[in-house]
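The values are calculated or read from the model by the stated rules, or taken from the named source; none is laboratory data. Quick caveat: nothing in here was measured; it's all calculated off a predicted structure. Because the Cβ atoms are built from the backbone with ideal geometry, glycine has one as well, and the counts that use them run over all protein chains shown. Side chains are part of the model used for accessible areas, which takes the heavy atoms of the whole protein and leaves out ligands, DNA and RNA. Shrake-Rupley method; radii C 1.70, N 1.55, O 1.52, S 1.80 Å.
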Amino acid sequence: MMADSLAASENSGPLIELKAVTRRYGSGTAEVTALQGIDVRIEQGDFVAVMGPSGSGKSTCMNILGCLDTPSSGRYRFKGVDVGGLSRDQRALLRRHYLGFVFQGFNLLNRTSALENVELPLIYRGTGARERRQRAGQALAAVGLAGWETHTPAELSGGQQQRVAIARAIVTDPFVLFADEPTGNLDSARSREIMDLLTVFNKDRGLTVVMVTHDPVMAAYARRVIRFRDGYIENEGGREADHVS
Amino acid sequence: MFLETILIALREIRRNVMRSSLTILGIVIGVAAVITMVTVGDGATRQVANEISSLGSNLIDIYPGQSFRGPGGTRSAASKFKIADAEAIEREISGLAGVAPVNGRSAQAIRGNDNWSTLITGSTNAYLKVRNWTLADGRPFNDDELRAGSAVCIIGDTLRKQFFGGQDPLGTVIRLEKISCRIIGVLKPKGQSGFGSDQDDFVLLPLRTVQRRLAGNTDVNSISVSVLDGVSTEKAKADIERLLRQRRQVGEDEEDDFHVRDMQEIVQTLTGTTRLLTTLLGAVAAVSLLVGGIGIMNIMLVSVTERTREIGIRLAIGAMEKQVLMQFLIEAVVLSCFGGIIGILLGIAASAAGAGALKVPFILNVGIIVVSFLFSAGVGVVFGYFPARKAALLDPIEALRHE
């Protein structure tokens with residue numbers, strides 16, 4: 001039902017649109033406002049880096065963009081659908097079908113093979129066993145891990161683990177990949193590999209990437225940067241010119 | 001969706017063999033205990049019933065005096081039976097396999113220097129039939145011996161062992177108090193009775209021999225009757241009561257001055273006791289099954305906390321609340337069912353061993369196996385629900401941040 005309405009709105013406006021979004025935690029005198037009313041537009045196929053110091057509201061913004069959280073006020077439209085009006089389970093379905101996540105700490109299931117980790121979102125989608133295995137294998141191959149299917153996270157390097165996580169995020173062919181400091185736990189060589197991978201997916205597949213990072217070098221891979229400070233967006237500028245490709 | 005959730009739950013169980021086996025330990029022990037208690041208990045009940053029926057199936061005993069369970073008083077005053085009473089029962093009541101008038105007493109048996117205190121039973125050949133005795137060797141009494149009260153006897157297996165060991169006792173003369181008696185038959189052993197006494201420790205003599213030569217009277221102390229298969233013991237009992245009331249001239253409004261006791265009553269009393277014990281032991285074991293269930297809940301709760309991050313990942317990539325709930329619930333149910341199956345196998349093995357050690361028959365009660373399996377599955381549902389709900393309601397953002 002929701003999938004239909006999303007498919008129908010294929011060409012209506014931007015992929016992601018935040019309007020005057022605020023997010024408050026707590027109540028009364030203990031109330032904290034993490035987002036002071038922000039506007040964000042992200043078009044299909046964009047590559048956005050989100051930067052800003054700790055507590056600036058960028059994580060809160062990411063949680064809302066990733067449909068893990070809802071705005072206190074304002075409006076979030078994902079492909080034209082108002083996410084604020086969706087239930088917890090409807091947001092879960094939205095994540096399942098259209099969003100992929102990559103985290104700083106990899107967040108793979110322990111003692112679970114790379115293939116089974118990548119299969120996980122497909123299991124929740126109800127994909128049949130054969131197709132599941134095939135697509136998971138393809139996703140692992142796409143991140144350069146063909147032949148590592150049976151290895152568990154403990155048997156993989158940090159860079160490899162993050163690539164398994166990326167494979168898990170893209171195996172469902174999502175519209176958007178949300179990456180929360182994807183290179184935060186990696187050395188610079190490993191970080192460049194991960195960023196190259198994201199760039200390839202962005203360019204070749206038209207995958208929209210929204211990435212939080214502290215590192216200007218990593219942010220340079222993005223087409224534009226959104227900078228947060230004290231719950232506001234400080235500047236929003238295109239970085240096409242600086243892009244090192 | 002259900003199938004996927006089962007798949008996920010099974011993968012989680014397989015991944016954590018150690019935690020899973022610790023979780024089900026309580027259930028395993030509980031189920032095994034219930035099955036062992038009930039199976040061994042059933043075996044003991046059956047054993048008691050078997051032993052009593054070896055005394056004689058469909059057996060009715062008639063004693064002068066009022067029931068030992070009723071208020072006493074007239075017992076000593078009640079007159080003994082006579083042979084004619086037994087003959088009248090045999091003649092006038094249909095559906096009887098045999099009627100044996102009995103006059104018994106305890107006495108010393110002597111052979112050479114051996115001396116043995118035993119029970120002397122004076123009766124007819126009907127006694128063998130009524131009490132399910134078979135001859136191992138020799139012959140029953142003949143009519144002449146019965147009529148004349150000859151000094152012949154048939155001995156039980158205990159006396160044979162005491163006096164003769166491996167020798168052939170037939171034709172040998174032993175002394176029973178003041179009479180010398182020739183052995184004409186030996187009985188096959190029956191072993192201990194359900195009451196714990198040695199059934200084989202007795203000597204059978206013709207009724208007249210005991211009456212005339214030992215007791216010095218013509219009394220019959222009791223009458224043993226066996227009812228034909230397929231004939232109601234209740235009806236035979238009622239017929240005998242009516243006949244004896246008439247013969248003994250008991251008035252309309254008077255109590256019987258004799259009582260008729262059938263084996264069914266005794267079987268019920270004794271098996272009732274062992275059954276009660278079985279129930280009690282089973283109940284104690286069921287409590288341990290419940291404790292096992294609490295153990296499951298405990299470990300599932302710990303495991304939800306321990307797996308908070310995993311739950312966060314699942315929620316983030318699109319697991320719905322009820323899928324996470326089902327995953328944990330199915331994990332609990334699969335674990336407890338698995339525990340139930342292991343417990344059943346263990347219980348069957350333990351009760352087979354227990355039945356062997358206690359020398360009671362091994363009777364597998366399918367009902368209790370099914371019940372304890374269903375109960376363990378139920379324990380999984382009940383005690384798995386709370387932890388599963390806790391997992392399903394986690395906030396994915398918080399859960400992903402959990403260290």
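Reported count of residues in region A:119-153, each being among the polar types (S, T, N, Q) and over 19 Å from residue B:15 (Cα atoms), is 3. Looking only at residues of region B:224-272 that are of a type in the set (Asp, Glu), open to solvent by 50 Å² or more (accessible area, probe 1.4 Å) and under 17 Å from residue B:80 (Cα atoms), we find that the one that is farthest from the chain's Cα centre (by Cα) is B:255. Just one of (1) within 11 Å of chain B (Cβ to nearest Cβ); (2) part of a loop (DSSP other than H, G, I, E, B) fails for residue A:146. It is (1). Residues in region A:97-129 that are within 8 Å of chain B (Cβ to nearest Cβ) and of a type in the set (Val, Ile, Thr): A:112, A:123. Applying the condition of being open to solvent by less than 10 Å² (accessible area, probe 1.4 Å) and not hydroxyl-bearing (Ser, Thr, Tyr) to region B:1-15 and asking which residue is farthest from the other protein chains (Cβ to nearest Cβ) yields B:9.
Selection within region B:320-338: residues that are of a type outside the set (A, V, I, L, M, F, W, C) and closer than 24 Å to residue A:68 by Cα. The member of this set that is farthest from the other protein chains (Cβ to nearest Cβ) is B:327. Condition (residue is under 30 Å from the mean Cα position of the chain (by Cα), more than 29 Å from residue B:82 (Cβ to Cβ) and open to solvent by less than 30 Å² (accessible area, probe 1.4 Å)) applied to region B:136-157: is it met by at least one residue? Yes: one or more hits. For region A:67-84, the count of residues that are closer than 24 Å to residue A:161 by Cβ and not aromatic (Phe, Trp, Tyr) is at least one. Total residues in region A:22-50 satisfying the condition of being surrounded by fewer than 22 Cβ atoms within 10 Å (Cβ to Cβ) and either farther than 15 Å from residue A:233 by Cβ or touching a His at 6+ places or on another chain (Cβ under 9 Å) (or both): the figure is 13. Taken over region B:54-68, residues that are modelled with pLDDT of 70 or more and either assigned to a helix (DSSP H, G or I) or within 24 Å of residue B:97 (Cβ to Cβ) (or both) amount to 7. Could you figure out which of (1) in contact (Cβ under 8 Å) with a residue 12 or more places away in the chain; (2) under 19 Å from residue A:227 (Cβ atoms); (3) surrounded by fewer than 16 Cβ atoms within 10 Å (Cβ to Cβ) isn't true of residue A:54? Result: residue A:54 fails condition (1) only.
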